Ligand SMILES: Cc1cc2nc3c(=O)[nH]c(=O)nc-3n(C[C@H](O)[C@H](O)[C@H](O)COP(=O)(O)OP(=O)(O)OC[C@H]3O[C@@H](n4cnc5c(N)ncnc54)[C@H](O)[C@@H]3O)c2cc1C
């Protein structure tokens with residue numbers, strides 16, 4: 001239910017609705033092993049778990065999801081919040097609430113969301129709605145390096161998203177490339193400085209560390225399908 005996680009940014013009670021216990025959905029014919037995959041040995045056909053156990057296989061399907069990619073942008077990983085779990089969503093909720101409570105009409109809080117793919121758009125939307133509900137003096141800005149939001153998708157749909165964000169008073173800054181981040185300031189590649197109180201990075205996807213040593217076709221740990 002990861003694709004629902006952004007809803008927690010506005011309303012923590014959603015957690016119950018979007019969490020499904022494994023035993024409620026599990027088919028008893030299938031063995032479920034709760035464990036962390038630490039490595040994949042495709043030559044030995046074995047999945048290695050963090051507790052040292054090894055599970056052999058004839059066919060493996062890698063469905064480990066993704067982690068956030070930071071593309072080597074200086075300071076980004078250290079200063080940005082990300083959204084890949086319910087706990088991440090709660091951390092954004094808490095950071096936005098803390099910034100909003102400290103802000104005033106004369107000195108509004110600045111929340112920056114980079115970039116404007118699905119996750120970024122939904123995150124900016126939830127933060128803007130939360131701001132309205134809590135009446136926070138807060139500027140919400142969506143920063144995108146491309147010249148359009150929801151890159152590569154239908155223009156009419158892009159326009160509808162843009163209109164919704166405008167209606168919720170989200171500033172959209174396309175063509176803005178984040179070059180470096182330090183505590184409280186984004187430095188763009190054009191030399192501009194944008195101050196922030198909360199920065200959420202929703203811009204990149206990489207495969208999991210568990211695949212670091214897997215001897216398989218992969219780029220940024222994203223595995224290409226291979227025939228057994
Ligand atoms: C905020 C947000 C909004 C989104 N909105 C949409 C949307 O509207 N529409 C859409 O199509 N997509 C959306 N997405 C993307 C969508 O959620 C993902 O594409 C989808 O969840 C990917 O499914 P998956 O099963 O590959 O990985 P995941 O859903 O990430 O599942 C991976 C599973 O692997 C487990 N795992 C990870 N590492 C290990 C390990 N080492 N060992 C064992 N288990 C591990 C994780 O705990 C998790 O249960 C959104 C994503 C986010 C973050």
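Values quoted throughout were computed directly from the atomic coordinates according to the rules given, and no laboratory measurement underlies them. Keep in mind it's a predicted model, so treat the numbers as computed, not measured. Cβ: placed from backbone, ideal geometry, glycine included. Neighbour counts: every protein chain shown.
Bin width 10 Å, origin at 0, all Cα-Cα pairs of the range 57-168: what percent of pairs per bin? Here the calculated profile for the range 57-168 is 12, 38, 33, 12, 4, 1, 0. Looking at the chain, the DSSP beta bridges with both ends there are about 55 percent antiparallel. The Cα center of the range 147-216 and the Cα center of the range 18-95 differ in position by 24 Å. Helix-only arithmetic for the chain: the sum of -39500 (n - 2.57) across DSSP H runs with n ≥ 4, divided by the residue total, places the mean residue ellipticity at 222 nm at -7500 deg cm²/dmol. The value of relative contact order for the chain, using C-alpha pairs under 8 Å at least six residues apart, is 25 percent. Peptides 85-95, 38-48 ordered by packing proxy, namely the average of other Cβ atoms within 10 Å per residue, highest first: 85-95, 38-48. Sorting the Cα pairs of the range 177-228 by distance into bins of 5 Å, from 0 upward, gives 5, 16, 18, 12, 9, 11, 12, 9, 5, 2, 0 percent per bin. Label-to-label distance, residue 18 versus residue 148, with points set 7 angstrom from Cα along the beta-carbon direction: 2.7 nm. Pair-distance distribution of the chain: all C-alpha pairs, bin width 10 Å, starting at 0; shares per bin in whole percent are 7, 27, 31, 21, 12, 2, 0.
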